[in-house]
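Right, one structure below, let's go through it.
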Amino acid sequence: SREFLRRKAFSVLVLLMVGLWLVRRRGPAALRGLRRPYTYFAGSPEVTSSGVAIIRLENKTQKMNTLNDGMQSEAEAMWKEVRALKPRAAVFISNKADNFIAGADIGMLKARKKAGEEESLRAACLRGHEMFGRFREEPRIPLVAAIHGACLGGGLEWALKCDYRVATTSPKTKLGLPEVKLGLLPGWGGTYELPRLVGLLEALPLILQGKEVRADKAKKLGLVDATCDEPSLLRVAVAKAEEISLKALDAQRTKKRRTLKRLLTENIPPLRRYVLRKAKEQVDASTRGKYPAPYEILDCVEFGLTSTPQKAFEHEASAFVRLAKTDVSTALIGLFDGVTASKKNRFAAAAAAAEKNEALGDDDSSEEKKTQKKKSVAVIGAGLMGAGIAQVSAEKGMPVLLKDRDVASAAKGTAYVAGNLAKKVKRRRMTAFEKNVILSRIAPYHDGTVATFDKRLASEVDVVVEAVFEKLELKHAVLKAVEGAGLRPTTVLATNTSALPIADVARGLAEEKTRKRVLGMHYFSPVPSMQLLEIIPHATTDEDAVEVAFQVGIDQGKTCILVKDVPGFYVNRALSPMMAEIKPLFADGVDPLTLDQAILDLGMPVGPITLLDEVGADVALHVQKTMVADPTMDDRMDGADPAMLQAIVDQGWLGRKAGKGFFLYDDKKKTKTTSEKKPVNPDALAFVEALRENKGQDPPTVKDIQDRYLSRFVNEAAVCLERGIIDSPQDGDLGAVFGIGFLPFAGGPFRMLDAVGTRSYVDNMLRLRDTYGNRFQPCDLLVDYANNGTKFYP
């Protein structure tokens, strides 16, 4: 009918008008009618009424935005859409809640390393520069990076390619180039761009140490140009893009970044060489030449200061490939993977799967899980360990009850936490307000004795951690009081012990159901700075109690490993045979300074003598007696001499806490934790000399010292894996590296064995056995792996 045709014509006319309007607003791309589907971006770019294009980053397959080949391909296609829109400027902003771009896709890097395709990484690095070269083609479109959340590695390099950077003041926002921590260097121009932006002196610590900075610090450095609150980010970024398009900011920013210090250190060759030489000296001192990445970084920075961008990028890409081929990068990436995996509660997996099946894909349940409240923690014992546990809990948002026997003891614990937080405020790592909020989460409590617990408070806590002295009777008294206070059935009772069997601790409780809630949570001292947490269930501990303990440890920011209930657990058990080798080395004529220096040169963070002083000879004696008495150690504790340690204790040489050990300590002066330039206790040296049995003979070589010391740890770690004391090589490596600082550049004992070859290592141990005795006999697992050519990691 005519009426139908009239309405149809009117509809077509409306669609044509809308189409013409879209073309004017969005360019020819609008004619396609459908937006291009993207995986790494939220969708096609938007354009504001003022002509600024908004490009939203959003990796739809992962929690974090990361850089890989697929993302680069989409970015190039996205830019064609942007060009078609003819905007006056463009803003990159993330749709993620806590990250801009978190760096390169480590999975991609690992895959290429495993396939032996490291050379292809050079082309990948240069392709990124080519992509941004196209972004900068004429007619030039000014670029603004709107940064909220993690802006790290390649993400920061992406932002450095932009003309202007705005960052939010949110605690989630951190900027840095952490590639050195993976044994690599920035591959997208970071060694060239960053020094030119913020200056050589400011750039070197950021690249060499992988430091991360917050927005306020970044602005002072000149790393970002403006800061704002999170809700204002897009509005501020668009406004700055409009200003840049009018060239209103160029002169101001250029003037700000030119300082006399920069001119002197970057433009005068002798001063520039002096700065780089001093940086190398610091690298030598901190790495002892074990990490190649800092040296490659220095070379790239120096090359870039006097080179064209293209040559600098090619130089950097070649260095990236060299580093990607090293065992050090493999080891450090392996550690990174281990730490990342440890952030997921392995005991929650089954429960989570069940919840997922029940929810049938209901997104609300996952959101509720993300926002569930933190566990509440009660810590009994407000000494250094207890106060440290309270601090790491409160810092992560957990309500904490900190109990001790009297007001003075409880106050001392909270004062310890307040002092630690005040140092962070002074170093601008947190604000005074944040400090006060953390302290408000800690409720100190006392009732005249440590062995009681208020019934009114018992029903409010999810986890009770006792951190009293290492006396079984005292621990029994404390936990009995908690048991009798009327706990919830789901409350976990954790003991922070470094030596007592968990089953013995649990035995002191009256009810079987309570004993099943007992486990060990072995923190390492000082708790706020030591990353490792050993979680030790006994034979009848409920699995859901282990799940809760793991979740609390993860929420505290710890790297958690599961360990069987045996004397010494894992780290101290593996450490004990290594420390037992001190006496035989003394007997063979190795003096304390030589021993410490040899182990430092090996790559350990401290030497064994310094470690003994830091721990305390009395504590070392207690642990050594425990391990010598353990029949399962067989002859692996041979060489241990409790009588020697007892003599040291009797002399009062208890180490740092007593002001005197093998070294001398002055409370008024900050004494170094390494043996270098530290005053030696002459009486202790004379004591060691008297232990020497091979007078007139040459002492062992440095290599022999290193092999004897290290192999005893490696062998015991393998025994722990063989006997199921630890679950996996990855747990063993994490425990070793984060528990005692075992050669991080090697990735831990098991990655080290894969790198050097178990066959070679076993052969060396057999040589040591034939020379020094059966304590160097490699365990069955090592021998089997050596004979079969088996590796610990796929």
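Residues with beta-carbon under 9 Å from that of F303, excluding F303: net charge, scoring Lys, Arg +1 and Asp, Glu -1? Don't skip to the answer; put the middle values down first.
Working: positive: K311; negative: D299, E302, E316.
That works out to -2.
Based on the Kirkwood radius over alpha-carbon pairs, what value in µm²/s does the Stokes-Einstein equation return for the translational diffusion coefficient of the range 121-167 at 10 °C and 1.306 mPa s?
Details: Rh = 11.6 Å.
Taking Rh from Cα pairs, D becomes 137 µm²/s.
Between the range 677-702 and the range 167-215, what is the separation of their alpha carbon centroids in Å?
Using only Cα atoms to place each centre, the spacing works out to 45 Å.
With every protein chain kept in the model, how would you rank R767, R405 by accessible area, 1.4 Å probe, largest at the top?
On the way: R767 95, R405 115 Å².
Of R767, R405, the descending order of accessible area is R405, R767.
How do Y445, Y709, Y416 stack up against each other in accessible area, from largest to smallest, with a 1.4 angstrom probe?
The ordering from most to least exposed comes out as Y416, Y445, Y709.
Cα centroid distance between the range 765-794 and the range 546-569, in Å?
About 29 Å separates the Cα centre of the range 765-794 from the one of the range 546-569.
Name the shape class, rounded, prolate or oblate, that the alpha-carbon gyration tensor gives for the range 69-175, where a ≥ b ≥ c are the square roots of its eigenvalues, rounded holds for a/c under 1.5, and otherwise prolate holds if a/b is larger than b/c and oblate otherwise. Before the final figure, lay out the partial values.
Values: a/c = 2.27, a/b = 1.20, b/c = 1.89.
Oblate, because a/c is 1.5 or more while a/b does not exceed b/c.
Can you tell me the length gained on complete extension of the stretch N436 to D337, counting 0.36 nm per residue apart and subtracting the Cα distance? All intermediate terms of the calculation are to be shown ahead of the outcome.
On the way: separation 99, 0.36 × 99 = 35.64 nm, distance 3.44 nm.
Using 0.36 nm per residue and subtracting the Cα-Cα distance, I get 32.2 nm.
For helix 758-772, what angle does its Cα long axis make with the longest principal axis of the chain, in degrees from 0 to 90 and rounded to 10?
Its long axis makes an angle of about 20 degrees.
Mind pulling the per residue volume of the convex hull built on the Cα atoms of the range 685-782? Å³ is fine.
Working: hull volume 12.8 nm³, N = 98.
That works out to 131 Å³ per residue.
First measure r as the distance between the Cβ atoms of D454 and D98, then evaluate 1/(1 + (r/R0)^6) with R0 = 41 Å and state the FRET efficiency to the nearest 0.05. The partial results should precede the final answer.
Numbers: r = 38 Å, r/R0 = 0.94.
So, using R0 = 41 Å, E works out to roughly 0.60.
In square angstrom, rounded to the nearest 10, how much accessible surface does W188 have for a 1.4 Å probe?
For W188, the solvent-accessible surface is approximately 20 Å².
Based on the alpha carbon coordinates of the chain, what radius of gyration and maximum Cα-Cα distance (Dmax) apply, in Å?
When restricted to the Cα atoms of the chain, Rg and Dmax are 30.2, 120 Å.
Could you grab the Rg to Rh ratio for the range 527-663? Cα atoms only, Kirkwood for Rh.
1.02
If the chain between D770 and N787 were fully stretched, how many nm would it gain, using 0.36 nm times the residue separation less the Cα-Cα distance? List each step's numbers first, then the result.
Numbers: separation 17, 0.36 × 17 = 6.12 nm, distance 1.91 nm.
That pair, D770 and N787, stretches by 4.2 nm at full extension.
Within the set of other residues whose C-beta is less than 15 Å from the C-beta of K290, count the net charge using Lys and Arg as +1 and Asp and Glu as -1. Kindly include the intermediate steps, with their values, before the conclusion.
Details: positive: K181, K280, R288, R751; negative: D284, E296, D327, D601.
The answer is 0.
Three principal axis extents, largest first, for the C-alpha atoms of the range 523-594, in Å?
Here the Cα extents, ordered largest to smallest, are 52, 29, 12 Å.
Can you compute the label reach from Q310? Point 7 Å from Cα along the Cβ direction, backbone N cut-off under 15 Å, restricted to the range 121-152.
Of the residues in the range 121-152, 126-127, 129-134, 137 have backbone N under 15 Å from the label point off Q310.
What value, in deg cm²/dmol to 500, does the helix sum -39500 (n - 2.57) over DSSP H runs of n ≥ 4 give at 222 nm once divided by the residues of the chain?
Working: 37 runs with 421 residues, N = 794.
Dividing the helical sum by the residues of the chain leaves -16000 deg cm²/dmol.
Full-extension gain between A77 and E46, please, as 0.36 nm times their residue separation minus the C-alpha to C-alpha distance. Provide the component values of the computation, followed by the final result.
Details: separation 31, 0.36 × 31 = 11.16 nm, distance 1.48 nm.
Contour length minus the Cα-Cα distance gives 9.7 nm.
Enter the angle in degrees (range 0 to 90, nearest 10) between the Cα long axis of helix 200-209 and the first principal axis of the Cα atoms of the chain, meaning the one along which they spread out most.
The helix 200-209 is inclined about 60 degrees to the chain.
Of the DSSP beta bridges with both residues in the chain, give the percent that are antiparallel, rounding to the nearest 5.
Around 25 percent of the beta bridges assigned by DSSP in the chain are antiparallel ones.
When Lys and Arg each count +1 and Asp and Glu each count -1, what net charge do the other residues less than 11 Å away from E722, Cβ to Cβ, add up to? Don't skip to the answer; put the middle values down first.
Numbers: positive: R723; negative: E716, D780, D784.
Its environment carries a net charge of -2.
How big is the accessible area of H446 in square angstrom, nearest 10, if you roll a 1.4 angstrom probe over the protein chains?
Only protein atoms counted, so the area is about 90 Å².
In degrees between 0 and 90, to the nearest 10, how far off the longest principal axis of the chain does helix 120-135 point, with axes built from Cα atoms?
That works out to roughly 40 degrees.
Which of the pairs K110/K343; K344/K564; K480/K564 have their Cα atoms more than 22 Å apart in this structure? Numbers along the way, then the final one.
Working: K110/K343 20 Å; K344/K564 20 Å; K480/K564 24 Å.
As for pairs spanning more than 22 Å Cα to Cα, those are K480/K564.
Between K217 and L260, what's the calculated FRET efficiency when r is the beta-carbon distance and R0 is 22 Å? Round to 0.05. Intermediate results must be reported in sequence, preceding the final value.
On the way: r = 22 Å, r/R0 = 0.98.
E(calc), rounded to 0.05, equals 0.50.
Cα to Cα, under 28 Å, and not fewer than 8 places away if on the same chain: which lysines meet these conditions relative to K86?
Within the straight-line cut-off, K86 pairs with K60, K96, K161, K240, K247.
Quote the accessible area belonging to V719 in square angstrom, nearest 10, computed with a 1.4 Å probe and with ligands, DNA and RNA left uncounted.
Its heavy atoms expose roughly 0 Å² to the probe.
The values are calculated or read from the model by the stated rules, or taken from the named source; none is laboratory data. These numbers come from a predicted model, not from an experiment. Note that we place each Cβ from the backbone using ideal geometry, even for glycine, and neighbour counts take in every protein chain shown. The accessibility values were calculated without ligands, DNA or RNA, using every heavy atom of the protein model including side chains. Shrake-Rupley method; radii C 1.70, N 1.55, O 1.52, S 1.80 Å.
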